[in-house]
Amino acid sequence: MISKTKRLMASVAVLSAAMTGAPALADGHAIDLEGKTVEWIIPFSETGGSAKWANFYAPLLSEALPGNPTVVVTFMPGAGSTKGANFFQDVEYDDGTTIFGSSGSTQFPYLLSDPRVRYEYGDWNVVLASGTGGVAYLPADLAGQLGEGGDATALAGEDFIYGSQGATRLDLVPLLAWEMLGLQVEPVFGIEGRGDGRLMFERGEANIDYQTSSSYLSGVTPLVEAGTAVPWFAFGALDDAGNIVRDPTFPDMPSFKEVCDVTDGCETSGKQWDAWKAFFVAGFPAQKMVFLPAGAPDAAIATYTQAFEDVKARADFAEISTARLGVYPQLTGAAAQTALDSATVVPEASKAYVTGWLKDRYGVVLE
Amino acid sequence: MDVIAMALPALNDAFAMILQPHVVGYLVLGVVMGLCIGVFPGLGGIAGLSLLLPFMFGMEPVSGLALMIGMVAVVPTSDTFASVLMGIPGSSASQATVLDGFPMAKKGQAARALSAAFASSLFGGLFGAAFLTVFILAARPIVLLFQTPELLMITIFGLSMVGILAGRVAIKGIVAACVGILVGTIGEGASSGALRMSTYNLPYLVDGLKLVIVGLGVFAIPEIIALLRQDKAISDRANLGGGWLVGVKDWWANRWLSMRCSLIGVIVGVIPGLGGSVVDWIAYGHTVQTAKDKTQFGSGDVRGVIGPESSNNAKEGGGLVPTLLFGIPGSGSMAIFISAVALLGTGSIEVGPSMLKNNLDFTYAIVWLLASANVVGTLICIAASGGIARLTNIRFALLAPFLFMIIAFAAFQSRQEIWDLVALFGIGLLGIFMRRFDWSRPAFLIGFVLSAPAERYTNQAYQIGASRFRRGFEEGLEYVFSPIVIILIVITLISVVVGLRQAKTIQAEGDVASGSKRAPLVFLLILSAYVGLTYWNAAIIPDFARMDRVFPVFVATIALIGCALLLVQMMRSPETSAIFADREAQEASSNTHALWPTLAWFAALLIASALVGFIFALAVFLLLFIRIRAGKSWAYAATYAAGGITFICAMAWTLNRDFPPGLLQNYVDLPWPLT
């Protein structure tokens, strides 16, 4: 259970870890969690995508950690996930039994300097970063008007309705994308999850929508087969050089960059593009991450890193993860750290652009 | 024919899956666990399902489904115990049951009320499953017909039930509902995130109040305090012999009512986005409207139990439609259910649009597991009801601290902050005065429950409608006034007219005598001041967030007009008028304790919790309450306190929950459960 135990203990642990030399795992210095209960804090309710993700990993993690501790997912929703994150910021490393799962919705308020944010990603220790993607789709009649390569020029006069959870959430990425493509989209705010957005699309009330990859696979594919929805583009994925390329889960769909390139008035360079890309990178390729609290010793970090690597190395991992998570990188170690860096730092200019845009377009003032 | 050709083999497969000994075993296990959790108010299926999640991974699909469904299905059955015996709405599904169930318990008919409720639950559950077996194949296009304007009309129809439950002075009921709606708007607006009656300095309010706290505060706390002040048992009469058989006969006598209400339950349950929170009120309203003799409603008419209980179990079946067909959970427990299904077996069952095509046999297995769970659960409950009903004969001073402990624990599950207890106490205080001055508490609760959907659908329908009108006048009209909307408008109008005409004869909370003029007037002025404050607070929301302003301003305006009318009436009416109803005058002779000293006990528990944490505070509270208020010996009190603490710790440990910490815990590290 969470106990903010003595700084002394933590610092002794840090000290001893520092003295024995860092990646101590191979030398048998892994922390042993036998008989303990690992509490995995999720700053959302039981019903969201993060819950799904954590529930998927929890039993696997339990098997992979030394001593096979019970892994319990604890939900701490509130204030758009900032409540749980603020709580975790105050947790001091004790014995490695408290971990935290963040999501894009935790990253965005941090990036936008939301006044409720009292947490600092730099203090935490990342042990897993899970990516995802997103797919935009249209009703069949509107998709028929698209030009070559997803060119949206012909849709400029259309009245679009989009069911949105809020302009400062992950929806910022699609909303900005619609705007860049010159579409007149009226976001209908106040829906409770992307599933409700899809339902609104199915009822014919919304005529543009996007879903994250796993929800697209399970929820929209049947609609595509029935002919009521047509995929337009996938946001894309990052290659090693940081360029946006086609999403490996949807190799047949153009990336947003390709669509933007062929659409009149949409630029793939400049301030607006940089801002979109920065927030896309923050929200999707490293959307969900697992952290150990501040002050965690290297032995603990190495233990958890090893455990997640073991999970990834399971023979059946590809099979059981594809349906739940999509084909996306599950990063550990240095790769996770790189993903974290790119997800929690946006250039000042991009941040200024987005804050200005939110204020002008939606009247949202974050202070 | 094609449909039948597809359905019959699947149905056959489903029964072959269910009727295996180990599957039945898991189902019974789930039912028993669900009953144990459901008996405690406020701990619904979410707590139970989270408990099961770790075991789901890789479990054989049918066994896992049986375990989970067994648990979820019986929660709305077993929470009837709390509603009927203690007047505590166990969950949103059994709020309306309190209205007649609890008065029956007070009259010594607890066993009869319980068994009537369980028989209705059983019938509702089976009816829902049978209906779904056929309907699920055709459901998808029908469900998609319910667009935002239709959802808005259903919400308004739900709100129109206030007309029936308004009480003797209709305007008071309407104002109560408006206040409920306004309390529901507290926090961040859904549309633009503007803050209403809250500030970022008090993060608790930003997320708004949860139903469990408002439900417990408005119904449970006033009843507990009222009973404590009279210092006797809940039931003032001896139990009627053979009560439970009478209840089953009552159900049989009203089987058509039960069937109509089950139908209402399935239909409302099927529509995604509304969930079950209105079903029982609509069913109660329907029951009252169609009854010939309405004089007994509110003071213990068994039909008032049969109606809502038939609907709330049928709703569980209906709620499976959005869950299974669209992958959109109709409730919190359904959301966990979806993620748990994905953990089962190899993860081959995917809840969502492909469910019917690829897993029709599993779909039917789920539907009929639900029905079987209802049968098993109901039989256990009926068997237990006679014994459990004896609780109503215990002196209430001995029962109350235990109940208060459970309620506080349940409220704390809302957000796991000490503020949960503060909010419970605050809403409880409001509930106490509403009860005293005969302001309709059901109306308040309906307003609260429907506040968020009413605002959301109003804004969304307005936005989408405006976009349709821009495209063409006809297209807009077609969208806003679809056939379903028109039918719903007609039903609502009939319901309001009939309801208002009948409202005077229906006293949902019994008759109340009038007292002096001053106290009711002061309460009205305080309510008006709150409404005025809300109006002002909403009115200053700037233009860019106007979507978050319109709704509270509109509702507050109605409430202010109502308050003004009431003020005028109060000035012109004599002291004996119904408008000055004051329970204090009526119960003066039976109350052995004053209000404030009784409340002070609970205030003390709250303050002590804030200082030293819940468990320490609770231990001292139980000890002193039993010794001083109940007048038992120190030894008795110590045993009682130890028992209580052990019980609550065992429960929290099983559910993996913590207790509210106090200031002390900031300075000293203590082991669980004292953290």
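Take each residue of peptide A:356-364, count the partner chain Cβ atoms within 10 Å of its Cβ, and average: the result is 2. The relative contact order of the stretch B:260-398 comes to 23 percent, based on Cα pairs under 8 Å that sit 6 or more residues apart.
Would you look at the GNM of chain A, springs on alpha carbons closer than 10 Å, and say which of A:Ala237, A:Ala299, A:Ala313 moves the most? Largest GNM mean-square fluctuation: A:Ala313. Near the amide H of B:Leu195, within less than 5 Å, lie the amide hydrogens of B:Gly189, all on another chain or at least 5 residues away, with H placed in the peptide plane. Which whole-number percent is the relative contact order of chain A (Cα, under 8 Å, 6+ apart)? After rounding, I find 26 percent. Sequentially through the stretch B:666-671, phi angles give Karplus couplings (6.51, -1.76, 1.60; θ = phi - 60°) of 6, 9, 10, 8, 10, x Hz, Gly and Pro residues having no value and appearing as x. For the stretch A:134-282, the antiparallel share of DSSP beta bridges with both residues in that region comes to about 60%. Shown in residue order for the stretch A:195-204 are the 3J(HN,Hα) couplings computed by the Karplus curve 6.51 cos²θ - 1.76 cosθ + 1.60 at θ = phi - 60°: x, 5, x, 5, 4, 4, 5, 5, 6, x Hz (x for Gly and Pro). Charge tally around B:Arg196: other residues with Cβ under 10 Å, Lys/Arg +1 each, Asp/Glu -1 each, net -1. Identify all lysines with a Cα-Cα distance to A:Lys257 below 22 Å; exclude those on the same chain that are fewer than 8 residues away in sequence. Counting by Cα, and skipping residues close in sequence, A:Lys257 has these lysines nearby: A:Lys271, A:Lys277, A:Lys351. Distant-in-sequence amide contacts of A:Ala229, defined by a placed amide H-H separation under 5 Å and a gap of 5 or more residues or a different chain, comprise A:Val224.
When the helices in chain B are scored as -39500 (n - 2.57) per DSSP H run of 4 or longer and the sum is shared across all residues, what 222 nm value do you end up with, to the nearest 500 deg cm²/dmol? Don't skip to the end; give the middle numbers.
On the way: 33 runs with 480 residues, N = 675.
So the calculated ellipticity at 222 nm is -23000 deg cm²/dmol.
Pairs with C-alpha atoms separated by more than 26 Å, drawn from the list B:Lys106/B:Lys294; B:Lys294/B:Lys517; A:Lys83/A:Lys359; A:Lys36/B:Lys210; A:Lys52/A:Lys359, are B:Lys294/B:Lys517; A:Lys36/B:Lys210; A:Lys52/A:Lys359. Can you classify the stretch A:134-282 as rounded, prolate or oblate using the Cα gyration tensor, where a ≥ b ≥ c are the square roots of its eigenvalues, rounded means a/c under 1.5, and otherwise it's prolate if a/b beats b/c and oblate if not? In terms of gyration-tensor shape, rounded.
A simple count of charges around B:Val279, restricted to other residues whose Cβ falls under 12 Å of its Cβ and scoring Lys, Arg +1 and Asp, Glu -1, yields -2. Taking chain A as a Gaussian network of alpha-carbon nodes connected by springs under 10 Å, the highest mean-square fluctuation of the residues A:Phe88, A:Phe189, A:Phe308 belongs to A:Phe189. Dividing the radius of gyration of the alpha carbons in the stretch B:596-667 by their Kirkwood radius gives 1.01 for Rg/Rh.
Residue-normalised convex hull volume from the C-alpha trace of chain B: 168 Å³ per residue. The separation of the stretch A:83-156 from the stretch B:481-502, counted between C-alpha centres, amounts to 44 Å. If you find the alpha carbon centre of the stretch A:260-337 and of the stretch B:613-675, how far apart are they in angstrom? Using only Cα atoms, the two centres lie 45 Å from each other. Using a ≥ b ≥ c from the Cα gyration tensor of the stretch B:23-152 (square roots of the eigenvalues), is it rounded, prolate or oblate, where a/c under 1.5 gives rounded and otherwise the larger of a/b and b/c decides, a/b for prolate? Oblate is the answer for the stretch B:23-152, as a/c is 1.5 or above yet b/c matches or exceeds a/b.
In the neighborhood of A:Ser213, defined by Cβ-to-Cβ distances under 12 Å, what is the net charge if each Lys or Arg adds +1 and each Asp or Glu adds -1? Let's see the in-between values first.
Values: positive: A:Arg194, A:Arg324; negative: A:Asp247.
Overall, the nearby charge balance is +1.
Taken one residue at a time, the phi angles of the stretch B:526-534 give Karplus couplings (6.51, -1.76, 1.60, θ = phi - 60°) of 5, 4, 4, 4, 5, 4, x, 4, 4 Hz. Gly and Pro are set to x. The modelled label-to-label distance between B:Leu624 and A:Ala156, using points 7 Å beyond Cα along the C-beta direction, is 7.5 nm. Between A:Phe189 and A:Ser164, the built amide H atoms are under 5 Å apart, and every one of these is 5 or more places off in sequence or on another chain.
Residues of B:460-468, mean number of Cβ from any other protein chain within 10 Å of their own Cβ, rounded to a whole number?
5
Any read-out appearing in this document is the output of simple, stated calculations on the displayed coordinates, not a laboratory observation. Keep in mind that what you see is a predicted model, and the values were worked out from it rather than measured. Positions of Cβ are backbone-derived with ideal geometry, glycine not excepted, and every protein chain shown enters the neighbour counts.
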